[in-house]
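Enquirer: Could you have a look at this structure, given as structure tokens, before my questions?
The values are calculated or read from the model by the stated rules, or taken from the named source; none is laboratory data. Nothing here was measured: the structure is a model prediction, and the numbers come from that model. Cβ coordinates were reconstructed from backbone atoms using ideal geometry, including for glycine residues, and neighbour counts include every protein chain displayed.
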Ligand SMILES: NC(=O)c1ccc[n+]([C@@H]2O[C@H](COP(=O)([O-])OP(=O)(O)OC[C@H]3O[C@@H](n4cnc5c(N)ncnc54)[C@H](OP(=O)(O)O)[C@@H]3O)[C@@H](O)[C@H]2O)c1
């Protein structure tokens with residue numbers, strides 16, 4: 001293993017069957033964490049788990065719809081059985097479920113999907129994991145926003161942006177509640193990240209326009225976000241709580 005900053009810690013990374021979450025799970029395992037890899041697509045989950053195991057890491061594979069509390073509770077119990085109590089939670093699962101456009105054209109279903117799939121999912125996951133962390137007087141929670149959560153823009157996917165803004169204040173309020181229990185709570189807000197999905201989705205001509213928005217002239221990678229998550233999860237950031245950490249190549253400066 002490359003380092004020891006998370007040695008022996010049990011980490012649940014939701015939404016780690018692909019994209020940013022998979023990069024976080026891999027990096028945490030490289031740094032000694034026992035990782036619960038989570039998602040719904042069992043084939044994708046198995047591929048991430050086999051990578052981690054192949055590199056000598058310790059991993060378990062869990063499936064749950066994070067908009068359903070009963071499924072999250074069952075997942076938490078499975079992780080406790082397989083790996084032990086959760087020390088580090090990265091509530092990463094989410095995504096944008098509407099296309100950008102005028103507010104009045106957003107469907108009610110699209111609104112609910114984005115709120116449920118991001119804000120409610122983050123709340124429910126924390127609700128399940130936090131009591132054990134409080135009992136143990138230790139823990140580390142990282143939530144996943146987006147620069148869309150604090151950068152108004154006429155082409156913003158508004159339900160997603162509103163959900164992510166909710167995650168940011170949830171993170172900060174929780175940091176004030178959980179700090180006295182020795183639990184740190186921080187949020188990461190990435191700009192566009194070149195996940196497999198975005199590589200396929202974003203046309204080349206639009207990619208260049210996006211690159212030009214960044215002071216550092218490239219788009220972010222899942223590993224850029226994973227390194228920020230490792231910093232927040234480790235004792236390297238022991239005096240840091242309640243922040244929203246832009247991982248944005250200078251496209252946003254707060
Ligand atoms: N990529 C970007 O440019 C970007 C920028 C800013 C913020 N973010 C945020 O970063 C996080 C990860 O993004 P990504 O681009 O890596 O996403 P992605 O490639 O679309 O992967 C999403 C992950 O979340 C899981 N997931 C989604 N909804 C779920 C649900 N209801 N129950 C269980 N699992 C669920 C998926 O599982 P399955 O596929 O196995 O079902 C998958 O593992 C998200 O919160 C996203 O909003 C991404």
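Enquirer: Please specify each residue of the stretch 1-27 satisfying the condition of being within 15 Å of the ligand (Cβ to nearest atom) and either out of contact with any helix residue (DSSP H, G or I) (no Cβ under 8 Å at 6 or more places or on another chain) or part of a helix (DSSP H, G or I) (or both).
Expert: Of everything in the stretch 1-27, those that are within 15 Å of the ligand (Cβ to nearest atom) and either out of contact with any helix residue (DSSP H, G or I) (no Cβ under 8 Å at 6 or more places or on another chain) or part of a helix (DSSP H, G or I) (or both) turn out to be 19, 20, 21, 22, 23, 24, 25, 26, 27.
Enquirer: Would you mind finding the one in 142, 79 that is crowded, with 18+ Cβ neighbours inside 10 Å and in contact with a helix residue (DSSP H, G or I) (Cβ under 6 Å, 6 or more places away or on another chain)?
Expert: The match here is 142.
Enquirer: Would you be able to say whether some residue in the stretch 216-233 is more than 16 Å from the ligand (Cβ to nearest atom) and either closer than 16 Å to residue 91 by Cα or in contact with a helix residue (DSSP H, G or I) (Cβ under 7 Å, 6 or more places away or on another chain) (or both)?
Expert: yes
Enquirer: Looking only at the stretch 100-119, count how many residues are over 14 Å from the mean Cα position of the chain (by Cα) and within 15 Å of the ligand (Cβ to nearest atom).
Expert: 8
Enquirer: Being within 18 Å of the chain's Cα centre (by Cα), at pLDDT 95 or above and farther than 22 Å from residue 169 by Cα narrows it down to one of 223, 246, 212, so name that one.
Expert: 223
Enquirer: Please specify each residue of the stretch 52-92 satisfying the condition of being assigned to a loop (DSSP other than H, G, I, E, B), near the ligand (Cβ under 10 Å from one of its atoms) and within 27 Å of residue 137 (Cβ to Cβ).
Expert: 64, 66, 92
Enquirer: Still on this model: Inside the stretch 28-42, can you point out the residues that are more than 17 Å from residue 93 (Cβ to Cβ) and either touching a strand residue (DSSP E or B) at 6+ places or on another chain (Cβ under 7 Å) or assigned to a helix (DSSP H, G or I) (or both)?
Expert: Of everything in the stretch 28-42, those that are more than 17 Å from residue 93 (Cβ to Cβ) and either touching a strand residue (DSSP E or B) at 6+ places or on another chain (Cβ under 7 Å) or assigned to a helix (DSSP H, G or I) (or both) turn out to be 29, 30, 33, 34.
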